[in-house]
1. Can you find a residue in segment 228-242 that is under 23 Å from the mean Cα position of the chain (by Cα), open to solvent by 30 Å² or more (accessible area, probe 1.4 Å) and of a type in the set (Lys, Arg)?
2. Just give me the residues in segment 317-346 being open to solvent by less than 60 Å² (accessible area, probe 1.4 Å), outside any strand (DSSP E or B) and under 20 Å from LEU468 (Cβ atoms), in sequence order.
3. Which pairs have Cβ atoms under 7 Å, sit 6 or more apart or on different chains, and link a residue in segment 523-550 that is of a type in the set (S, T, N, Q) to one that is surrounded by fewer than 17 Cβ atoms within 10 Å (Cβ to Cβ)?
4. If we only count strands (runs of 3 or more DSSP E) wholly inside segment 202-259, which ones have 3 or more residues that are among the hydroxyl-bearing types (Ser, Thr, Tyr) and modelled with pLDDT of 90 or more?
5. Name every residue in segment 432-474 that is over 30 Å from GLU591 (Cα atoms), in contact with a Ser or Thr (Cβ under 8 Å, 6 or more places away or on another chain) and not in a loop (DSSP other than H, G, I, E, B), in order of residue number.
6. Is there any pair linking a residue in segment 555-570 that is at negative phi and among the charged types (D, E, K, R) to one that is modelled with pLDDT of 85 or more and open to solvent by 40 Å² or more (accessible area, probe 1.4 Å), with Cβ under 8 Å and at least six apart or on different chains, and which?
7. Of the conditions (1) touching a helix residue (DSSP H, G or I) at 6+ places or on another chain (Cβ under 9 Å); (2) more than 30 Å from TYR205 (Cβ to Cβ); (3) at pLDDT 90 or above, LEU536 fails just one. Which one is it?
Amino acid sequence: MSDTNVQINTQVDGQYNADQIQVLEGLEAVRKRPGMYIGTTDSRGLHHCLKEVLDNSIDEAMAGYGDSIDVTVNPDGSLSVSDYGRGIPVEKHSQTGKSTLETVFTVLHAGGKFGGGGYKVSGGLHGVGASVVNALSTWLEVEVSRDGELYRQRYELGDPTGDLEVIGKSTATGTKVTFLPSPDVFSTVDWDVDFILNHLRNTCYLTKSLRINFFDKRQEPSSSYSFYFEGGVASYVRHMNAKHDTLTNVVYISRDNDDGYVEIAMQYNTTFSETIKCYTNNIINPGGGTHLTGFRTALTRVVNKYAREAGLLKDKDPNLTAEDMKEGLTAIISVKIGDPTFEGQTKDKLGNTEVRPMVDKLFSEALSTYLEENPNDAKAMVNKCALAARARMAARAAREAVVRKGALEGSTLPGKLADCASRKAEDCEIYIVEGDSAGGSAKMGRDRDIQAILPLKGKILNTEQARLDKILTNNEVKDMIVALGTGIGESFNIDRLRYHKIVIMTDADVDGAHIATLILTFFYRYMPEVLARRHLYIAKPPLYGITKGGKLHYVYSDAEKVEYLKELGVDEGESKVKIQRYKGLGEMNPEELWETTMDPEQRQMYQVTIEDAEKANNVFEVLMGSEVPPRKKFIQTNAKKVEVDV
């Protein structure tokens, strides 16, 4: 079957014949519809290209070929990934008649990961990574060292500029891929060093004893970093808990059987929240899956069994639940299997049924042994879970005491909510607005069919430092839960969400940022699935209104203000230009608020994601946690970046 993509062109006149069927050959389909292959063409899509190329080198390392990888951002903005694996095969491919290397980079679904002979386990499972990156690059160059020769081939816009050629001798083996992303495809081609470093660090945690070196040569002097973790995911958990007081040592297992390989690390801390990350063949699975189910089942059963036998749970005490095991738990669950299946194109959730009993069995055996050999850790773990059980029962009582039965699930909406007319959740939006003044303007300026307004009074409870029972006594938080309709805690159900866009709209000042952070903390800790499903947004009101000649123009940043004034050909101080600095949403009348911040055709919004959950987790812990020194250090470090209105 050839690599073609069929596109149906619809005509206004209603004709539907052979002329409306367009066949896109080979990589043309990728260039025509890049979002189908990399999800998006913004910064996330750009960095997805790095992941695709890097995955091939990591697969070599996981297969036991090469123990280091170099990633380099070059002065011209191109990016290179070099490994010391076996090198991509270069001999003529029987099916395509081209060299195998050219086949890999120009034919979709060509790779060494389909028949099982090239790799036992692999992260780049779909085999489209190299060819897609090639298609979306202005140019791409591959160098391969193998069989004593150094080979090279160059491509431009996905097409080879010449045949594969031998350019010298080589005593090493490996592959080097260098590519320059096309600015005609991506909205930005600027590499984000922080993102890259975080991804490389996490990759090394998940691939024990792999070293990745990073070089940024865009400025002189160039910068370099190196990552290597002998402890694997155990090192990862220690890193995640570095800012917490821990209750136990790290429990670590590394075992395999005929179904695959399991590596798990877990540790309890004194916080109230759970942080678990699941991976399959180094691919993160935000939705969990069968490996997470096996882990939870084993943890709950083994801890209950030990607690009974050690007398830490009495005969009259009920068993601890899986929910009780979550409080203060930090864990990494990593499995490597030969033929993973995922739910959805994004590999969000692992579906292999054989993985659940594999993880259950291997982890149960290891945890049982650990608890027997470490009674102090075992006691601390049981006590933490028992405390969580009491808090769970208190939260249940609070739910029943605070509101009448069913109210948290949305049977009675809060009085201050101005709801929308539509009942189709996928069409509806709710604006969580700071203050009654802005709330009033938003209510008058909104589209009443699809936009609901929930004004909040003051700053909500800091949920980073509170259990659910206390949270449910806070009226502002309670109103949010009721309005959204999902319930919370044990009763949470994302499918009952009444609005598929939840928009946080606060003033563009320090207080507004604080309120937005408090709301974000609540969603991150108690409704993470809202972020995972990409339902959460932050409104971006304008900072300035600039008027010249009776024409008003809104700008959303200081940089945008400078650029617009340049377009006008005027300086900021000229009298013929009026510049208004908006310090609060309440300063805008309903028409202005609609035009600048709420009109779907013109507004600007940030979508809140958990692409980097660990980074977000660290920021929330620093800003909203109980420890003062980390917060003080953060403020001192970032003080120079803050603009202050005097």
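The values are calculated or read from the model by the stated rules, or taken from the named source; none is laboratory data. All values derive from a computational prediction rather than experimental measurement. Cβ atoms come from the backbone with ideal geometry, glycine included; neighbour counts cover every protein chain shown. Accessible surface is based on the protein model in full, side chains and every heavy atom, while ligands, DNA and RNA are left aside. Shrake-Rupley method; radii C 1.70, N 1.55, O 1.52, S 1.80 Å.
1. Looking for residues that are under 23 Å from the mean Cα position of the chain (by Cα), open to solvent by 30 Å² or more (accessible area, probe 1.4 Å) and of a type in the set (Lys, Arg), one finds at least one in segment 228-242, hence yes.
2. LEU320, THR321, ALA322, ASP324, MET325, LYS326, GLU327, GLY328
3. Filtered contacts from segment 523-550: THR547/LYS578.
4. Values: elements: 211-216, 223-227, 251-257.
Those strands (runs of 3 or more DSSP E) span 223-227.
5. Passing the criteria: THR463, GLU464, GLN465, ILE471.
6. Matching pairs, first to second residue: LYS561/ILE579.
7. (2) is the only condition that LEU536 fails.
Condition check ((1) buried (at least 16 other Cβ atoms within 10 Å of the Cβ); (2) not charged (D, E, K, R)) across all residues:
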{"site": "THR353", "(1), (2)": "no, yes"}
{"site": "SER368", "(1), (2)": "yes, yes"}
{"site": "PRO375", "(1), (2)": "no, yes"}
{"site": "ALA378", "(1), (2)": "yes, yes"}
{"site": "MET381", "(1), (2)": "yes, yes"}
{"site": "LYS384", "(1), (2)": "yes, no"}
{"site": "ALA389", "(1), (2)": "yes, yes"}
{"site": "ARG396", "(1), (2)": "yes, no"}
